[in-house]
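**Q** Below are the structure tokens for one structure; questions will follow.
What follows draws every value from the coordinates through simple rules; no lab data is involved. Computed from a prediction, not measured in an experiment: that's the story for all the values here. We place every Cβ from the backbone using ideal geometry, glycine too, and count neighbours over all the protein chains shown.
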Amino acid sequence: MKRVGVVPICVVTILLLSVGRGVALEVQVTAVEASYEGPSDPQLLQLRPRLRRLVGYRAFRVLQDERRNCPWRSMAAFSLPGGRLVHIMPKGMRADEVMMHVQVVHGLRALVDTDLRLQNRGVMLIGLDEDVQAPGILLIMLKAVE
């Protein structure tokens with residue numbers, strides 16, 4: 001009887017694990033203007049009560065919505081209104097959570113620079129209140145789907 005070596009079994013296991021995981025993560029970045037008054041966009045009506053509890057504003061309007069596949073361990077940049085950028089680097093999966101590095105930059109200034117874990121298919125909010133004169137804030141909604 002011929003013995004199978006350990007190395008071929010390990011290679012097969014690694015190949016099977018990588019086949020189960022895609023080469024890219026689908027990331028959605030939605031820029032939302034939150035204000036005290038005005039109408040809310042129809043696509044945000046279901047989230048509106050939850051958003052109101054979280055941030056205290058009453059009206060929510062989508063400014064920009066972009067969805068694309070981001071390769072694992074590669075930085076992807078999403079443009080936001082007002083010259084801001086969101087840099088996202090998907091790092092990996094643990095259980096049902098997506099681990100990623102997120103940066104929000106405006107010019108040379110980093111407004112947000114953090115590692116986070118996001119429930120697969122979950123949504124995370126980042127609020128930016130840079131302009132004290134503005135009547136509302138900018139919400140960044142992040143969603144990741146493996």
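**Q** Taking Cα pairs under 8 Å and at least six residues apart, what relative contact order does segment 23-145 come out at, in percent?
**A** Averaging sequence separation for qualifying contacts and normalising by length gives 27 percent for segment 23-145.
**Q** Return the distance in nm (one decimal) between the two label points of a simple spin-label model at R121 and Q103, each offset 7 Å from Cα along Cα→Cβ.
**A** A separation of 3.2 nm, rounded to one decimal place.
**Q** What is the extension gain from R94 to A24, computed as 0.36 nm multiplied by their sequence separation minus the C-alpha to C-alpha distance, in nm to one decimal? Mind showing how you got there, number by number?
**A** Values: separation 70, 0.36 × 70 = 25.20 nm, distance 1.55 nm.
Once the chain is fully extended between R94 and A24, it gains 23.7 nm.
**Q** Please compute the net charge surrounding P49, taking Lys and Arg as +1 and Asp and Glu as -1 over other residues with Cβ under 15 Å from its Cβ.
**A** +4
**Q** Could I ask something else about it? Return the FRET efficiency for the residue pair T114, R50: r is the Cβ-Cβ distance, R0 is 25 Å, and the value is rounded to the nearest 0.05.
**A** Working from the Cβ atoms, E equals 0.70.
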